[in-house]
Structure formats: C-alpha cells, structure tokens
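The values are calculated or read from the model by the stated rules, or taken from the named source; none is laboratory data. Values in this document were obtained by computation on a predicted structure and should not be read as measured data. Cβ coordinates were reconstructed from backbone atoms using ideal geometry, including for glycine residues, and neighbour counts include every protein chain displayed. Heads up: the accessible areas ignore ligands, DNA and RNA and are worked out on the full protein's heavy atoms, side chains in. Shrake-Rupley method; radii C 1.70, N 1.55, O 1.52, S 1.80 Å.
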Amino acid sequence: MTALKKIAFIGNYLPRRCGIATFTHDIQRAVAAALPEVETSVVAMTDVGCSYNYPGVVTAEIHEDSLGEYIAAAERLNQAGVDIVSLQHEYGIFGGDAGGHVIELLSRLAMPIVTTLHTVLANPTPRQRAVMDLIINNSIKIIVMADKARELLLSVHGIPAHKVIVIPHGIPNFPYQETSVAKPKFDMQDRSTILTFGLLSPNKGIEVMLDAMSRIIKSTPAAAYIVLGATHPNLVRREGEAYRNLLAARARELGIEGHVTFLNQFVDQPTLLEFISMADVYVTPYLNEAQMTSGTLAYSFGLGKAVVSTPYWHAKELLADGLGILVPFGDADALSREVSGLLTNDVKRHSMRKRAYEASRSMIWGEVAKRYCSAFEAARSQSKAPEFPPLLSRRRERTIPPLRLRHFLSLCDDTGILQHAVYSVANREHGYCVDDNARALLLSTALSISGDAQLSYLVAARFAAFIQDAWNPENGRFRNFMSYGRRWLESRGSEDSHGRTLWALGDCVARDRDSSRRRWAEALFRAALPAVESFASPRAWAFALLGLDCYCTVMSAEPLALQMRHLLAKRLASQFAGAETHEWTWFEDYLAYDNARLSQAMIQTGMGIRNHSYVDTGLKSLSWLMAMQTSSEGLFRPVGTESFGCRRLPPATFDQQPVEAAATISACAAAWRASGDSQWRASAKRAFGWFLGDNDLHVTLIDAESGGCADGLHPDRRNENRGAESALSYLLGLVEIIQLEDAVVHERAKPSFSLPRDIAGRSSTSHKISGGAHLVSISAASSTKLIPTP
C-alpha cells in the first residue's frame, strides 16, 4: 500500500467560535506534526448568516444550509486525490433534517472516511437515527472519545465492535505548575480561584454553582469564581445576552457579585491555558448526563487541575478512581461541600492534581495524533482488503434472511389466508380476499419449485380452492371479499383483484408441479380472461399481462391469449405515451399502489413477444419511478399512501407499504434480465433492504424467525400489525432476491440476444432479452434450498 499523501478534515474550524472548531484545528495540526510529509487540508462548515476569515489550510467552505456546496466539496476532494477524510460530527453543525445534508457529501466521496462522533445519543429520534446510521455506513472507522459512546453505538445502532475505536479527547502538552505562577498575571495571587470555561448556555449549570458560591465563601472568604467564555452564538442569535444578564442578576441577588466574574470572551489557546493554570479548582456543573465529550474538562484535567463535576458520561469515565470528585446533578449543597473541602485541604487538592496530570499523559495531542494516524491506515487497509472473500454466496448468507413461513402459516386456515392481523395474531373479523389468496398461490408455486414441495402442495390446494370458489360464472368475474363465515360479500370484485387472480392462475399453469392443478388453472384462466377486455384499470391490464407472460410460455399458440396480450400491451403503451412529459415519465397522472408492476408488465411482455419499444417503455418508466422512490440519502423510499390521487406531484413520504417494495424488486429483476445492467440488480437489492431496515426510520419490518412483516412505516414508527399482504410481499420479495443471487452465482438467466442501441432511450446500455422471465423468476432448475418453518 502506498503511503498517505493527503488527509482532509471536515468540520467547524477557527476562527469560528465553538468547541468543534477548536478540536478540528487541534487535531489537524497534531496530525500534520505527526506526519510532516503528508498534506493536510480542511473543509470548514460555516453557520447560517456568518462568514469567517479562514486560514490557508481551509481549501473549501460549506455553508451548512447549501446542499450544492456539500456536493461541490465532495467533487473537489475526489479531484484532489485525497487519501483519507476525517469527519467531525456534532449535532447542529450540518444542514438538513437532523443534519442529513452531510450524507450528500459522504455518499459521493471516493476515499475511505473516518468519522469522529462528538455526541452519541441514547434515544435519538427516528430521523436522527436514520442520518447517524447513514454516516456510520459511509464510514470505514468510527472514533469516539468515551467507552460509553462505544457502548451506545453497539446497543443503539448495532454497529460491529471492530468498527469503533475509542481515542480520548486531546490536550495540550503543558507543563505541570503551581497556581502561584499564573495568578499574578490576573492579580489573583490572594484569591482561591474556581474556574468554569466554555461557551455559555443554560445547560452548563452555572446557576447551581452560583448557589454553591454563596456557601463556599463562608468557609473560604477569598474564593473567586471565574466564568470564562462567550455566550453561545446560537443563543445570542435567538435572545441576545438575556441569559448572561440573568446570571449576573442572580449573583447580585445572592450578594456574591464581588466573588463572581463573567468574562464574555472567546480566548486563544495560550490565554486559555494561563486561566486554567491559575485555577485551584475546576468545576463542570452540567445539568444532565448526556454529555459524551467535554473539551473543557479534558483540558483542565490535562493541566492537572482538581476537578469537581456532575456525573455526566465523560466526567464519570475521566474522573474515576479518585482522579476527581463527582457530585449529583443540580445539588448546590454537595457542590459547595466538595469545592470547599478542596480549597481548605491543600494536601488533598495537590494529591488529586498530580494524579490527574500523570494519568493524562496519554491524552496529549501528539499521542492522540498517533492513534488517529493508525486509524487512518486501518481504514485504508480495510477499504482495500474486504473482511470476507467477495463471494456472492457468502454475502447472501450474511445479509439475506432465510425464508421462514411460520407467520404465513399462522394466517392460514382450511378456507384460505385471512386478510388482517392484530400484531401477529390473525384477525378473523375481516375475513378473506381473493387478492391475498392469489398472492399466496404465487408463493406456493414458487415453493413447489425451490422449497418444500410437500408443504407447498398442502397450502396451494387451499388457495386454489378459494380462487375456484371466488369465480362467479354468472358474470365471468371473480368475487373478492369473503366473510369469516364463508359468505361472499359481493357478486364481483374489483378489476385489479380480477387481474391479480389471472396472474396467479397463469403462473400456476406455467410452473405448478401438480399436473391436475395446472389443468384446472388453465381452464379457469381461459374462462376469466375475456372480462379483461372491458377493463379500464391500467393495473388490471398489467396484472393480466404478467399472467399472460406465464401462460403463453406453455400455451403459446392459443389465439385468445395472444390477442389479449397484444391488446393489453398496446393499451398500456398508449397510456404511457399519452401521460408522459419531460418531467413526468409515467403511465398515469398520479402514483398509487403497486406502481412498479406497470413497468414490469411492459418489460416482460416486450421480452416475451420481442417488442423492443415495450421493453424500452418499461425501462424508461422504471428508471423514473426509481428516481421518485429514492431519498436524498440514497435509500429506497416507496411511494407513500398520502400520494394517492395527487395529480403530477412528487410522492409523499408516508405511509410506506410493503407491497411497493415487492413490486419494485420484481420490476428491477425483470429490468436486469432485459438489459443485463447490474445496476438494476443493485436496485432490487436496495428495495429489499427496505424490509431489513434500510429505510427512512432505520427500523426492520420483519421478524426473521417467523417471517412476519410489519404492515408499513408511519412517519414516527412502524405499523406493528402483520397482515397477509405484508407477509406475502416480503416473502415474494425474498424469493426474488434469493433467485437473483443464484442467477449471479451460477451464471444463469443469461441474455440470448441484444436489442439495437437506439431503443435505449436515455440509457447508454444496450438492452438484451431472454425469454421465460416470470413473476418471481424462479427456474425449475434452481438448486436454491429455501427454509420453510412450519
């Protein structure tokens, strides 16, 4: 491996006034000193409405709310040939919802990323969790500064332990010295000094320390409390200096104004170190435990101060074993007692100071920089040499769940599959529908080929019987809804449910292993097909076309089937041509449910009848739909139900349904078989990842042990009910993904001929056709062993 040549740091940077800016400045300088032959640079984050005179080391600037500048910075870093990027992450410094704009930068970087997390939340909001998980996924290594942060990453975010490195906050290499050396510079030689420094804000607990000071001066009349630091810029923007004025008023009210000094300034490091050197006791009275890192605490500890602190996470770790004193949150009595005890006991105070100084030597910036450099090298090594051999079968074992049927079977009885569930318990109140029983027959046929044939035979018979009973010969239509008491609630169902049932029957004709059931499906398919000619629903046309694609592989010369296939495909193509504009590349004026089935039907029909324009229409429409179903973070985001009926508007985010993910998986699989473009296979796997947690909320929808699937995603949570449509959508999607992996591993489903390049539309990839691609695209020769669990 070649030596590191260029390292770029991303974060706030001096002269911006905040702890992250100071940290980025210090770590950049420390790494530059440790690796003098390496070029270091900074991409500086600039807050809204501000501008800074950055030094020359800052080669790019990103205004936090300018999405284009994140993208431009990524391009600049790639073009510069940077070897490693070190990202400093803190909540509130990046733009977008929960700081999501930074993903636009990270996802475009070509080099390994090492991210330092300055805060790790125990209870992030769904959006915070989603953004953090994307940052983690884009990073080769994650650096935190406390063991508690590592613990939370493992428990809250499920990050692999080997990915996390704990490196303490750095400190200056400042000599140990007595306070008497620095005190004369501030005319404090006759005072017992207590110091708190850092940006002033209400969470710092200064009020508690003011209350404690009124008692401390009783035992130490010469005590002086110095509060050093400018008011936090965000607080100043919101309310000016109201908080600082409130603290000053509180000091006057307590009669301690002669013992308290508020210094409203952001000092440079040499001045800061002199202030710390002057302090007899350093105090951090923060108000809650969720403070993962405190640079002010680290600096004071590293200069050998006697520290009294509340037990926030960083303090609990750093001050353990008597290296400092912890007091309860908000307890002014305890705070005054411990500070007074140190100020009046020189032996105890000096002993604590020396022990802290000795313990901090591994935290000096030179030592911290060495550990950062090791992390950078490890990240480069890992990015070049994967942990596992790049075998698709190995990858599938690690990432794709086994096919479990326990929940699916729990929804079934001797009538068919029940529609709904309350949590995981079947809900009999709403009975059955032919839609779900048709989907269940599709799954059963797939299992008969690649899974447990005996189990498939038993359940397939139930679903076939339900479909047979749904058939109403008096009007040539399928009924849809049946009560739990086996009473049909209508004489005919919707056009879409009729089309979906034809799809299941066509698939049964082509692939069911039971010859008698194939003949049954063939007869019923022929009887039910004529009704579709009068249908107006594009989805019903698409479902029927998918059934015809299967049916015609066996009954290729049947005139009615061939005629209907051409008629429906022509209708769907005309629908697309009439609705398409430059901005709206779709079949209708709105997006609704099962959208990708329209594209899938065009692709598979075009493949089956060798019509290049149909394939092109399917690929073009699916490309547009995938753009609509991809979030800014690159996650699959199915069209939300709130979009239904909204004319030519971008899709709403919620609620998200499993049926959309399943449809997208199948359509992308068909696109891959038609074009040979591996990006379609990647898109199918990305859509499947939505089930596993690669979604806006970063929550899994499946129970891997039972095969159950949540009914969808709400804006703030998943729907905990697990009905039939959701379970079947997940299982059919899983079967499709397993088959896709096998097709790659065993080099199956290879294209048989190429289409002319001029049909590719906006795509530069020539499309290729292979016949016989069906619903879940499982060939009879597949050797995949599924794992049904009764």
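Here the simple spin-label model places points 7 Å from the Cα toward Cβ, and for residue 320 and residue 655 these points are separated by 4.6 nm. Which is farthest toward the positive dipole end of the stretch 607-654 among 652, 617, 635, measuring Cα position about the Cα centre, with Cβ charges +1 (Lys, Arg) and -1 (Asp, Glu)? Toward the positive end, the furthest listed residue is 617. Shown is the FRET efficiency for residue 29 and residue 265, computed with R0 = 30 Å from the Cβ-Cβ distance and rounded to the nearest 0.05: 0.85.
Hey, can you find the accessible area per residue of the chain for me, probe 1.4 Å, expressed in square angstrom?
Ligands and nucleic acids excluded, the result is 38 Å² per residue.
In this structure, the amide hydrogen of residue 630, modeled 1.01 Å from its nitrogen in the peptide plane, lies closer than 5 angstrom to those of 637, counting only residues at least 5 positions away or on a different chain. The angle separating the long axis of helix 147-156 from the principal Cα axis of greatest extent in the chain is about 20 degrees. The shape of the chain comes out prolate: with a ≥ b ≥ c from the C-alpha gyration tensor, a/c is at least 1.5 and a/b beats b/c. The trypsin sites (Lys or Arg not before Pro) of the stretch 587-657 that meet both conditions, a loop assignment by DSSP and at most 15 other Cβ atoms within 10 Å of the site Cβ, are 610, 647, 648.
Which FRET efficiency, nearest 0.05, do residue 181 and residue 333 yield, Cβ-Cβ r, R0 41 Å? Each step should come with its number before you reach the end.
On the way: r = 33 Å, r/R0 = 0.81.
Efficiency computed from Cβ-Cβ geometry: 0.80.
Please label the shape of the stretch 99-215 as rounded, prolate or oblate, based on the square roots a ≥ b ≥ c of the eigenvalues of the alpha-carbon gyration tensor (a/c under 1.5 means rounded; beyond that, a/b larger than b/c means prolate, else oblate). Because a/c hits 1.5 or more and a/b exceeds b/c, the stretch 99-215 counts as prolate. Note on residue 458 and residue 219: their simple-model spin labels are 7.7 nm apart, each label 7 Å out from Cα toward Cβ. Largest first, the residues 722, 215 sort by 1.4 Å accessible area into 215, 722.
Residue by residue, the stretch 419-435 carries 3J(HN,Hα) couplings of 5, 10, 9, 9, 6, 9, 9, 4, 9, 6, 4, 9, x, 10, 8, 6, 3 Hz when phi is fed to the Karplus relation 6.51 cos²θ - 1.76 cosθ + 1.60 (θ = phi - 60°); x denotes Gly or Pro.
Nonpolar atom fraction for the chain, defined as the carbon and sulfur part of the 1.4 Å probe accessible area, stands at 50 percent.
Quick one: helix 126-138 against the long Cα principal axis of the chain, what's the angle to the nearest 10°, folded into 0 to 90? That works out to roughly 90 degrees. Length available on full extension from residue 163 to residue 474: 0.36 nm per residue minus the Cα-Cα distance, which gives 105.4 nm.
Here the dipole of the stretch 474-519 is about 220 debye; that uses its Cα centre as origin and unit charges on the Cβ of Lys and Arg (positive) and Asp and Glu (negative).
Given R0 = 45 Å, the distance between the Cβ atoms of residue 612 and residue 382 translates into a calculated FRET efficiency of 0.50. When you count the other C-beta atoms within 10 angstrom of each residue and take the mean per peptide, 77-88, 152-163, 685-696 line up highest first as 685-696, 77-88, 152-163. Protection proxy ranking, highest mean first, for peptides 480-493, 729-742: 729-742, 480-493, where packing is the per-residue count of other beta-carbon atoms within 10 Å, averaged. Once the Cα-Cα distance is subtracted from the 0.36 nm per residue extended length, the residue 487 to residue 423 segment shows a gain of 20.5 nm. Among 139-145, 574-580, the peptide with the highest mean count of other Cβ atoms within 10 Å heads the list, and the full ranking is 139-145, 574-580. Taking all Cα pairs closer than 8 Å and separated by 6 or more residues, the relative contact order of the chain comes to 10 percent. Does anyone have the angle between helix 242-254 and the longest principal axis of the chain? Alpha-carbon axes, 0 to 90°, nearest 10? Its long axis makes an angle of about 40 degrees. Annotation: amide H of residue 63 within the under-5 Å range of 46, sequence separation 5 or more or interchain, hydrogens built in the peptide plane.
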